[in-house]
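Below is one structure, written out as C-alpha cells; the observations come after it.
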Amino acid sequence: MGHKSEYHAKDRISALPDEVLILILSCMPVKEATRTSVLSRRWEKLWTFSPCLELDGSSELFNIQCQFYSAPHGPQRKKEVLDSGRLRYINWVNCALESYHACAVDKFRIRFDLNERYRRDIDEWVRFAFEKKVKRFELDLSLYSGGVCRRSNSYPLCSQTLPLPSAISLTSLVLKQVNVSDEVLDNLISNSPCLECLCVGGSTSLIHFRVAGPMLCLKYVEIVVCPNIRSLELHAANLSSFKYNGPDIFINFMNIPNLVELCIEGLYVPYFARKMPLLSTSFSQLQKLALCVLRIEKTMKMLEYPTLSRLKQLELFVFLHSDESLLVFSRLIKACPSLSRLALKLTGLRSETETYVGRNVKKAKKCLHHSLKVVEVKKPTKEKGAHHSLKVVEVSGFIGHTIVTKFCMYVIKNAIMLEKIIIDPIDPIFKGTPLENRHSEEVEAARVAAEMLSCSLICTSFFFFLSFNPLEIDFSPFLVMGHKSEYHAEDRISALPDEVLILILSCMPVKEAARTSVLSRRWEKLWTFSPCLELDGSSELFNIRCQFWCTPHDPRRTREVLDSGRLRYINWVNCALESYHACAVDKFRIRFDLNERFRRDIDEWVRFAFEKKVKRFELDLSLYFGRVCRKSDSYSLCLQTLPLPSSISLTSLILKQVNVSDNVLDNLISNSPFLECLCVGGSDSLIHVRVASRFLCLKHVEIVMCVNIKSLELHAANLSSFRYNGPDIFINFMNIPNLVELCIEGIYVPYFARKMPELSMSFSQLQKLALCVLRIEETMKRLEYPTLSHLKQLELRVFLHGDQSLLVFSRLIKACPSLSRLALELNWFLSGTYVGRNVKKAKRCLHHSLKVVEVKKATKKKSVHHSLKVVEVSGFIGHTIDTKFCSYVIKNAIMLEKIIIDPIDPVVRGTPHENRPCEKVEAARVAAEKLRSKYFLGDKLILM
C-alpha cells in the first residue's frame, strides 16, 4: 500500500499440496527424500508418507567393492569392511521403517549384499512390507547390484515369515539371491491374484517350478541362475515376457499365446537353438528375442531356424573368443523377415592378448584393411541374402577386430533399407559404471577403426552412423545412396507411448494440458483421455476478488464482474466436458464461486462425473478457496441428480458450499462401499448426520460450518481422522478405536474441552489434536484434562482479545506426557493493548514480561515436559501474552531442540501481501532476538 514493490523469490514448491509433494518425493531415492525434512516443519514428516520405499544400497556396495579392486586387502580385512557396510545398511533400513507413517506401500525395495546371518532383520522387513499391503516387492540381496550367482549362505524365505492373506494386492515380486522353495513360491502365486511380474534369481531351493492357471494375471516371468532347477512348466495365457538363465532342462511351453518377448541366456542357449523348430508354434506372436551366448558352438553354424514372421527386434549378447565368427547368426537374421532392429553387444575379446589388434591405432588400421580386403575378395562368390526390413543396427563393444568388422560389413551390404548403424566402443559390461573409461587407448583404436570403416563405405554409397556416447546420440534420419544427410532435431517427448503422455498430462492443470492439442495431430486429443479433470477456477476468482480490494466498486458493479467471471468459467467447463473421451475419471474437481442460479449446469457436471465412475469427486462452490461460510443461495444436491449405482467406485467425496440433506448423504454413503474420505462444508440442510456401519471404509470425516446440524453419530471402526467446526451439539463417539487425528474448531471448542474427561475412552489412540479457539474463556483456566498418553502433536489456533493469557493451555500440555511437537498459531484482535507498534515499545514489553516471569519463578512450581522437542509459534508480535508463553515453554521443556518463531500474520501467509514491509514484523523480530540472548538459545531459536 504505497511502498515500492521489491522482488522476492517465491518458494513455488512449498505452495503445492501435500499430495503432490509426496508424489514428487516418491520419485526420489529415500536418502534424498529424507533430507527434505530439514527444510521446514511442513516438510519434516512428508517423506514418511511416500508410497515408495526404495531402500537401495547398491551405490555404497559398489564403493566397498571398488576398495577391494583399488587396494590389496586380505580375506579377513575384506570381510570386516563388508560386514561394517552391512550393519550400516541394516541400521539405516530399520530407522527408515520405524519413521514410516503411510498406511500402504506401493513399492518396497531392499537392495544390498546380505545373507543368512541377517535373517532376523530381513524377516522383519518382509513382514513390514506385506502387512502394509505392498504392491511391488523387491528383495535383492545379490553381491553385484542385481547380478545373481550361486551362493551357499543365501537368505531363505519361509512360509512363516509371509502373512499370505496380505499378498492379495501384490502385483510384482522380485527375489534375487533369495532361497525360495517350490512350496513357498506356489503359495505366493496362488494367494496373489493380481500378480503380473515374477522374478526369481539365485535360488538353490527351486526344483520344480510350475506357473499354471487360466486365471493367472502373470505377464512377466524371470528365472535366473537357479542351478538345481529340474523342470519348468508355463501355462499362463496372459504371459507376454519370459526370461530364463539356467541349466539344460525341459521347459514345457503349454499355453502362451500372448508371448511377445523372450530372453534366453547362458548354458541353455545352444539347447534352445536346437529345439527352436519344435517350439515354433509357441512363438508365433514373438516380437522381441534376446540371446546371451557364452560361447559360439560349431554346431550353431548348421542349425536351421523356423521362420519368425512377427519378430521385429533381435538382441545378441555374445562373449567372443578369437577363433569364432559372428556370421553364424546370419541364418537366424534371415529367419526374421520383419526384423527392423538388430542389437549386438560384444565382450570378452579384449582379454585375448594374442588376437586383440586394437591395442594401438596402427594395428587397428592394419586389421581393418585386412578385413575389408577379405570381404571384397569373397563378395563375388558369396550369395547375397538381402534383408528388406532391417533399418537400425547397434554394435556395442566394437574394437575393430576382424571378427566384428566382417559382421558389420555383412550387415551393411545386405540390409538394403538400412537407415543407421550405431557403434559404441565401450565394453557393455562396464557401461554406466566408473570403470567405463578404463581402456582409453583401446577405445581410441576402436574409434579410428570405425572412422576408417565409415570412410570406406562412403565410397560404396553407404552411409554410416557412428556413436561414441549413446546418451547424447542424435537419432536424426539419414539419407541413403549418396545424398547428403541433414540434421533434424527429434521430438523425444512424442516418442513416448500414449499411456505415458496421458499420465504426464494428468499431472498438469486442464488449461495447460488442453494447450498441447496444437502441437500436432497426435497431441490433438491426448488431453481428453487424462484420468484427472481438475477444473479449478480459483486463480481467476482470486483475480476478481483483487479488483474489489484494490478499486472501489458499487454492489451492482461487483455483481456484474462476478457474474461475468462465472459465465466464463461455466462455458470453459462445458467445453472441456464435451471434448472429453476417457471412459472413466479418477479425479473430478469443480472449484469456483457458484450458487443456485447455475443449478442446471452444475447438475450436468455431477451426472457426467458419476456416469464416468468417478473415484475422487470434489464440488467446491465456496467464495474464498475452500473457506466455507453461511450463504442463503447455495446450490442444493438432490437425489434425482445422482445416478447412485455409479457411485460404487467412489473413494473420496468433498462438498463445500453445497446444501446436502441427511437423506442424500445417507444414500451416498450406503451406495459407496469404498468411500474413505467424506467432507461436507457450508450445508444448511444437514440436520442429523449418522456415519455408522462396521463395514465402512471411511478413514477421514470432516463436517464444517453446517449451522443447522443437531446431532452427529460416529460408528466407524476404520475412522482415523475427524474434523468438526459447528454449533454445540451432542457428538456420539461410539466405536472409533483407530482415531489418531482429531480437529475441533470454533464455538464447539469450550464445550468439547469440558466434556473431554467423559470422552477420554474414545481418544485412547489419539496422536494428533488440533483446536481452533475463538475466545479464551475464564472457565478454561480451571479445567481438568484426561491423560492423553499417545498424543505426540498438539496444534492450537487462538484468536486473542485484550488481556487473555495463553498459559491456560499449560494444563492441556501437562496432560500429554508423550507430546513432542507443539504448534501455536496466533490471530490478534488488539487495540490499545498492542505494544509492538514499533521497536522501542516491543523492547519495553519484552523486558517487562521477562521480569514478570523471573519474579513469579520462585513462587510457581515448575512443571517439566520431558518429551517436548519442537515448538512453533506463528503470528508472534512480542506482546506480553505470547512472550510469557514462550518463556514458560523454554523453561519447562527440558528436551527442547528448536523453537520456531514466525512473525508474519497467519492471515496473509501464502498471499501476495506476505512480504509487505511492516513495522510490526520488525518489532516482533527484535523481541524474538531478545528471547534468544536472554535464554542463550543460539541455534535452537529459528526466526522465519
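Condition check: surrounded by 19 or more Cβ atoms within 10 Å (Cβ to Cβ), free of Cβ contacts under 8 Å to residues at least 60 places away in the same chain and either in the same structural domain as I429 (by the TED database) or of a type in the set (D, E, K, R) (or both). Does E233 satisfy that?
no
Considering only residues that are assigned to a loop (DSSP other than H, G, I, E, B) and closer than 18 Å to F733 by Cα, which ones fall in segment 681-702?
Listed by number, the residues that qualify are I687, S693, R694, F695, L696, C697, L698, K699.
Consider M734 carefully, then state whether it is touching a strand residue (DSSP E or B) at 6+ places or on another chain (Cβ under 6 Å) and more than 23 Å from H865 (Cβ to Cβ). It would help to see each step written out before you state the result.
Numbers: touching a strand residue (DSSP E or B) at 6+ places or on another chain (Cβ under 6 Å): yes; more than 23 Å from H865 (Cβ to Cβ): yes.
Here the answer is yes, as M734 does meet what is asked.
So which pairs qualify, if the first residue must be in segment 241-252 and not assigned by the TED database to the domain that holds C292, the second must be among the hydrophobic types (A, V, I, L, M, F, W, C) and open to solvent by 50 Å² or more (accessible area, probe 1.4 Å), the Cβ gap must be under 8 Å, and the two must be at least 6 apart or on different chains?
Pairs found: G246/L267; P247/L267; D248/L267.
I'm told Q76 meets every condition in (1) modelled with pLDDT of 85 or more; (2) out of contact with any helix residue (DSSP H, G or I) (no Cβ under 9 Å at 6 or more places or on another chain); (3) surrounded by fewer than 18 Cβ atoms within 10 Å (Cβ to Cβ) except one. Can you identify the failing condition by its number?
Single failed check for Q76: (1).
From V573, V614, which residue is modelled with pLDDT of 85 or more and either open to solvent by 80 Å² or more (accessible area, probe 1.4 Å) or within 23 Å of E524 (Cα to Cα) (or both)?
Going through V573, V614 in turn, just one is modelled with pLDDT of 85 or more and either open to solvent by 80 Å² or more (accessible area, probe 1.4 Å) or within 23 Å of E524 (Cα to Cα) (or both): V573.
Looking at R515 and the list (1) modelled with pLDDT of 85 or more; (2) surrounded by 12 or more Cβ atoms within 10 Å (Cβ to Cβ), which single condition is not satisfied?
(1)
Applying the selection to segment 755-778, what residues are touching a strand residue (DSSP E or B) at 6+ places or on another chain (Cβ under 8 Å) and closer than 22 Å to L826 by Cα?
Matches in segment 755-778: K768, L769, A770, L771, C772, V773, L774, R775, I776.
For residues that are buried (at least 18 other Cβ atoms within 10 Å of the Cβ) and in a helix (DSSP H, G or I), tally how many sit in segment 170-184.
Selection size over segment 170-184: 1.
For residues that are touching a strand residue (DSSP E or B) at 6+ places or on another chain (Cβ under 9 Å) and either part of a strand (DSSP E or B) or without any contact (Cβ under 8 Å) to a residue 24 or more places away in the chain (or both), scanning just segment 100-129, find the one that is farthest from I90 (Cα to Cα).
Going through the qualifying residues, I end up with K107.
Which of the following residues is within 18 Å of C217 (Cα to Cα) and among the small types (G, A, S): A96, A129, A167? It would help to see each step written out before you state the result.
Numbers: A96 fails: within 18 Å of C217 (Cα to Cα); A129 fails: within 18 Å of C217 (Cα to Cα).
One residue alone meets the criteria, A167.
Any idea which of P737, P786 is modelled with pLDDT of 80 or more and open to solvent by less than 60 Å² (accessible area, probe 1.4 Å)?
Step by step, each of P737, P786 is checked, and only P786 is modelled with pLDDT of 80 or more and open to solvent by less than 60 Å² (accessible area, probe 1.4 Å).
Regarding V921, is this residue in a helix (DSSP H, G or I), touching a helix residue (DSSP H, G or I) at 6+ places or on another chain (Cβ under 7 Å) and modelled with pLDDT under 80?
no
Looking only at segment 148-157, how many residues end up being surrounded by 15 or more Cβ atoms within 10 Å (Cβ to Cβ) and either of a type outside the set (S, T, Y) or at pLDDT below 80 (or both)?
The total comes to 4.
Among K288, K275, K243, which is buried (at least 18 other Cβ atoms within 10 Å of the Cβ) and among the charged types (D, E, K, R)?
Details: K288 fails: buried (at least 18 other Cβ atoms within 10 Å of the Cβ); K275 fails: buried (at least 18 other Cβ atoms within 10 Å of the Cβ).
Going through K288, K275, K243 in turn, just one is buried (at least 18 other Cβ atoms within 10 Å of the Cβ) and among the charged types (D, E, K, R): K243.
Name the one entry in F752, F674 that is over 24 Å from E825 (Cβ atoms), outside any strand (DSSP E or B) and not polar (S, T, N, Q).
It is F674.
Which ones in segment 317-344 are farther than 20 Å from E419 by Cβ and part of a strand (DSSP E or B)?
The answer is F317, V318, F319.
Say we look at segment 650-680 and pick out the residues that are out of contact with any His (no Cβ under 9 Å at 6 or more places or on another chain) and under 20 Å from F733 (Cα atoms); which of these is most open to solvent (accessible area, probe 1.4 Å)? Walk me through how you get there before you give the answer.
Taking segment 650-680 as the starting set, the residues that turn out to be out of contact with any His (no Cβ under 9 Å at 6 or more places or on another chain) are 650-651, 653-661, 663-675, 680.
Checking the rest, the ones that are also under 20 Å from F733 (Cα atoms) come to 665-666, 669-670, 675, 680.
Numbers: L665: 4, D666: 67, I669: 19, S670: 87, L675: 5, V680: 0 Å².
Out of the qualifying residues, it is S670.
Just a yes or no: is a residue in segment 43-53 surrounded by fewer than 16 Cβ atoms within 10 Å (Cβ to Cβ) and either assigned to a loop (DSSP other than H, G, I, E, B) or at pLDDT 85 or above (or both)?
yes
Can you tell me which residue among N258, N238, N252, N228 is among the polar types (S, T, N, Q) and not in a loop (DSSP other than H, G, I, E, B)?
Numbers: N258 fails: not in a loop (DSSP other than H, G, I, E, B); N238 fails: not in a loop (DSSP other than H, G, I, E, B); N228 fails: not in a loop (DSSP other than H, G, I, E, B).
None of the others qualify; the one that does is N252.
What's the total number of residues in segment 576-606 that are touching a helix residue (DSSP H, G or I) at 6+ places or on another chain (Cβ under 6 Å), under 19 Å from G681 (Cα atoms) and open to solvent by 50 Å² or more (accessible area, probe 1.4 Å)?
1
Can you tell me which of L308, L314 is modelled with pLDDT of 85 or more and more than 19 Å from T347 (Cα to Cα)?
Working: L314 fails: more than 19 Å from T347 (Cα to Cα).
The conditions single out L308.
The values are calculated or read from the model by the stated rules, or taken from the named source; none is laboratory data. Treat the numbers as computed from the prediction; the structure is a model and nothing was measured. Glycine gets a Cβ as well: all are built from the backbone with ideal geometry, and neighbour counts include every protein chain shown. Areas reflect the complete protein model, heavy atoms only, side chains present, ligands, DNA and RNA absent. Shrake-Rupley method; radii C 1.70, N 1.55, O 1.52, S 1.80 Å.
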